[in-house]
Amino acid sequence: MKEVDEETRLINAPFGSMPEFDPAPLPDPGVLAPGLKAWTLNVPGPAGALPMRIYMPEDRREGPIGLYFHAHSGGWATNDGLEACDTENSAYAIAWGCAVAHVDFRVSWKAKFPAAVEDCYAAYKFILDHADDLGIDRTRIGVGGGCTGANLATVVSLMARDEGIQAPAVQWLWSAVFDTRNCARSYDEYANYGLTRELAETVTRLYLRSTEDMFDWRASPILAPSLAGLPPAIIWAGEWEILRDEARAYAARLSEASVDVTYIEGPKQPHGGIYANNPKTGKPTRYSQETLPKVNALMRRFIGPDDPLV
């Protein structure tokens, strides 16, 4: 492996002293950005009401707007509370000029696979069914997330296609889990770097009911029989992360299925490097500053205002 630059080394240092796994950490309050309003509502789910938080620009123009359906990361196991994600979701709304929806799906220590998948899909369908009431343009709804959240968003897109309902306009999948078998070569190459193989295997074991679930495409979407007819996808992976090879493989399968796919691989970047901050300055890394605007421009094209100047 080549030498790591200082920023990347600082980002990965905390992984060497991870605290013991706590399935229910106390939530840290997020910060809602100026110019946005947010509220939480309950939507019907397979096992009861699901809290979902909606973020809406206050100065939105008349008429329906696009929306980003965000499935949070955290190994399918952690949930710091919807309001704890106000800062992150505010950033999406501002960068892309859209509304954001974030559902509180059941985490693995409460309910095993496929509970989280079913909850996310139910919430996605609720948004479609109530788009008019929410002021949302059904044709400009994107789905996405990072790591395990990207896994859930990917499966939502597959389920929407199979059921024949309105498909997402775009998928934003960064440092995504496409294969819960955890068997790609990059798992060996970067086993102890950034997101470690041990941690990935631990959260997978907590999420799935049995080894057999690894071969269910709802857990490992790369095993879906066909990827034809899926919405456009923007996929990001770090060159130096265990999830790199499955991202490459999923992007290749999408391309072979004639799906519009943009694959971005961050040179020498770790897990989540697209959104990484320099621990010394607290500001985005050089790589993030250079790359994220390109992703934001693509997302605005799919779910942002029709008028690019707005």
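Every read-out reported here was derived from the displayed coordinates using simple, explicitly stated rules and does not represent laboratory data. As the structure is a prediction and not an experimental result, all values here were calculated from the model. Cβ atoms come from the backbone with ideal geometry, glycine included; neighbour counts cover every protein chain shown.
In table form, for the structure just shown:
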{"quantity": "Restricting the stretch 96-142 to residues that are more than 23 Å from residue 78 (Cβ to Cβ) and aromatic (Phe, Trp, Tyr), the residue that is surrounded by the most Cβ atoms within 10 Å (Cβ to Cβ)", "calculated": "96"}
{"quantity": "From the options 247, 251, residue that is under 15 Å from the mean Cα position of the chain (by Cα) and surrounded by 16 or more Cβ atoms within 10 Å (Cβ to Cβ)", "calculated": "247"}
{"quantity": "Pairs, first without any contact (Cβ under 8 Å) to a residue 12 or more places away in the chain and on the phi < 0 side of the Ramachandran plot in the stretch 145-169, second surrounded by 20 or more Cβ atoms within 10 Å (Cβ to Cβ) and assigned to a helix (DSSP H, G or I), C-beta under 9 Å, six or more apart", "calculated": "163/121"}
{"quantity": "Number of positions in the stretch 174-200 that are surrounded by fewer than 18 Cβ atoms within 10 Å (Cβ to Cβ) and within 11 Å of residue 240 (Cβ to Cβ)", "calculated": "1"}
{"quantity": "The one condition in (1) outside any helix (DSSP H, G or I); (2) surrounded by fewer than 22 Cβ atoms within 10 Å (Cβ to Cβ) that residue 271 fails to fulfil", "calculated": "(2)"}
{"quantity": "Residue that is within 19 Å of residue 172 (Cβ to Cβ), over 18 Å from the mean Cα position of the chain (by Cα) and aliphatic (A, V, I, L, M), where the choices are 295, 259", "calculated": "259"}
{"quantity": "The stretch 57-76 - residue that is buried (at least 21 other Cβ atoms within 10 Å of the Cβ) and in a strand (DSSP E or B) and, of those, nearest to the chain's Cα centre (by Cα)", "calculated": "70"}
{"quantity": "Residues located in the stretch 77-104, provided they are in a loop (DSSP other than H, G, I, E, B) and within 18 Å of residue 172 (Cβ to Cβ)", "calculated": "97, 98"}
{"quantity": "Matching residues, the stretch 251-268, being part of a helix (DSSP H, G or I) and in contact with a Pro (Cβ under 7 Å, 6 or more places away or on another chain)", "calculated": "none"}
